[in-house]
Each structure stands twice: as structure tokens, then as C-alpha cells.
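The values are calculated or read from the model by the stated rules, or taken from the named source; none is laboratory data. Please read all numbers here as calculations on a predicted model, not as lab measurements. Because the Cβ atoms are built from the backbone with ideal geometry, glycine has one as well, and the counts that use them run over all protein chains shown. For accessibility, only protein heavy atoms count, side chains too; no ligands or nucleic acids. Shrake-Rupley method; radii C 1.70, N 1.55, O 1.52, S 1.80 Å.
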Amino acid sequence: MSGLSLKDVNAAYGKSHILHDVSLEIASGQVVTLLGRNGAGKTTTIRTIAGLLEPLSGSIRLDGEDLTRLRADQIVRRGVVCVTEGRGVFTHLTARENLELVERKGQDWTLERVLDEFPIVQPLLSRPGGGLSGGEQQILAIARALMLDPRVLLLDEPSQGLAPVMVERVLDVLARLRASGLSMLIVEQKLDIALEVAEYAYVLENGRVALHAPCSELSADPAIVNRFLGVSI
Ligand code: ATP
């Protein structure tokens, strides 16, 4: 299959076995959301894909290439790029300096292209990362991730803690990336947002895939969603 796939992935923190035989697929160009209650294992799944946590067993492949035992930096170089919950913005550097850190020769997503396609980044450039709002930091973190030329972008709760107007702006950025054909895996707590932005959803429960279905089916069947997430839409 072309895209990212996890097959029977198990992962643990020390003796705490968190992920149990997690299998999921993000086809090339597809946007997939990962849902689940607090502590279900969503962040752990992203960390495992990104090489920040070594799986106990199972395999992770990108376009057929085995990424399972690669280091985090090698995985980034293969095109699997993560925007973490903490966003990783350097607070003492300006937004421009944050972006220049990942500038290199021959990249598809140059700073110029980022500014061209996402003019929302321009007014942030001269401001220190630490002076940006949560939403502005999120946009900066996505811009920086783009400059690593992702083939798959992993986003951990991109709307978390943001004011509604910034949630809209971040969603707009994600919608444009989706339209450009970028594959994304988006961890999201807010179901309405997840179903709006993604085409396919996996629901984790206690570290296992409890359900997976097209977002259109989940939107049409709130009872199922309620059962696994304990929320309504
Ligand atoms: P949330 O929405 O709260 O972030 P989540 O679905 O992302 O939840 P994870 O963060 O993956 O869940 O956590 C899954 C389980 O792993 C939880 O029981 C959590 O307490 C545990 N856990 C997470 N990080 C660590 C760690 N560094 N060491 C030990 N246990 C951890």
C-alpha cells in the first residue's frame, strides 16, 4: 500500500503496556483522525510512529519501507513529521528564526513558499516565539513542519487550548493542506473538529483499536461514537 501503515504495534512505558496490536493505515493523500478518551493511547501512537518510543513489536511502514527501528531523525528524513502537543516552538527566537532553523538547500517547502501559501505566517515573523498566542504558535509549528517536506504530517491535538477564532484559522490551514494532497494523522479530542477535518477515523480504547470507519459513518451514528468516547456530537 502507498502511505503509512502500522501493523500489530505494541508499545510500553517500562512495564506499562499501553498499545496493544494497533493496526492502522493512512493512504497516500488521506487525512485520518485518531480519537479516544484521555489516556487511550493516542499520543503514544504518534510518539511510536515518530520514533520517540520504540515499539515492543509490530511494524511501521511508509510506502512499504520499514521504519520500525529507525531513529526519530531518520524517520523525519523519510518524511514522517510530527507537530507535538507542546508545539516545540523556541520561545526566545523569533518566528522567522524558528523557521530558518529548518531551512536547507533544495527543500520543496521553502520559507518563501510557506509565506506565499500561508500569508497568515507573515505577520508573525518578527515576533518572539514566546510572545505568540497558542494558536499562532500552532500555526508556526505547522509551518516549520512543512519546511521539513513531510509526506505524512502527524498532529497531536492541534486545536487544544486555542481560542475559537484561532481554531478556525488552524482548521483552515489543515483544510488547505488536505486539498494539496498531504497525508495527515490528526489526534483530536473534539469530535466535531475531527470529523470535519478528516475522512477516516480510528477510535482507541485502552490502547486498542476499538473501531475504525469513515468519518461520514461516525457522523451519522452518534450512538457508536457515544459508546467509545462518552461524548455526543
Ligand atoms: P490524552 O488525550 O490525555 O493525551 P492519550 O490518548 O494521548 O490521552 P497517552 O498520552 O498516549 O494517551 O497515554 C496513554 C497511557 O500511557 C496513559 O495511561 C498514560 O498515563 C500513560 N503514559 C503516557 N506517557 C507516559 C510516560 N512517559 N510514562 C509512563 N506512562 C505514560
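Between Asp21 and Asp172, the modelled labels are 4.6 nm apart [label points 7 Å from Cα along Cα→Cβ]. Reducing region 83-128 and region 1-40 to their Cα centroids gives an inter-centroid distance of 28 Å.
Once Lys and Arg get +1 and Asp and Glu get -1 on their Cβ, which of Gln107, Gly79, Leu93 lies farthest toward the positive end of the dipole of region 72-120? So the residue we want is Gly79.
Within region 153-233, list the GluC sites (Glu not before Pro) lying in a DSSP loop whose Cβ has at most 11 other Cβ atoms in a 10 Å radius.
none
Two decimals is fine: what is log10 I(q)/I(0) at q = 0.31 Å⁻¹ for region 1-58, from a Debye sum with one equal scatterer on every Cα and no solvent? Each listed q corresponds, in turn, to -1.42. Heavy-atom accessible surface of Phe90, to the nearest 10 Å², is about 90 Å², with a 1.4 Å probe and all protein chains retained.
State the extension gain, in nm to one decimal, for the chain segment bounded by Ile224 and Asn38, taking 0.36 nm per residue of separation less the distance between their alpha-carbons.
Extending this stretch completely gives an extra 65.2 nm.
For the chain, carbon and sulfur atoms together expose 49% of the accessible surface, with a 1.4 angstrom probe and every protein chain in place.
Pairs of Cα atoms under 8 Å, at least six residues apart: use those to get the relative contact order of the chain, whole percent. Relative CO of the chain lands at 27 percent.
Dipole magnitude for the chain: about 540 debye, using +1 per Lys or Arg Cβ and -1 per Asp or Glu Cβ, origin at the Cα centre. Taking Cβ atoms as reference points and 11 Å as the exclusive limit, the residues near Val203 contribute a net charge of +3, counting Lys and Arg as +1 and Asp and Glu as -1. Which aspartates and glutamates have a Cα less than 18 Å from the Cα of Lys42, not counting those fewer than 8 places away in the same chain? Lys42 reaches Asp8, Asp21, Glu25, Glu54, Glu85, Asp156, Glu157, Glu188, Asp192, Glu199, Glu205. Relative to the Cα centre, the charge distribution of region 100-143, modelled as +1 at Lys and Arg Cβ and -1 at Asp and Glu Cβ, gives a dipole magnitude of about 120 debye. The charge dipole of region 86-171, taken about its Cα centre with unit charges on the Cβ of Lys, Arg, Asp and Glu (plus for the first two, minus for the last two), comes to roughly 140 debye. Overall shape of region 172-233 was characterised from the C-alpha gyration tensor. The equivalent ellipsoid obtained from it has semi-axes of 21, 13, 10 Å, in decreasing order.
Taking θ as phi - 60° and the Karplus parameters 6.51, -1.76 and 1.60, the scalar couplings of region 162-172 work out to 9, 5, x, 5, 6, 4, 4, 5, 5, 5, 5 Hz in sequence order, x denoting glycine and proline.
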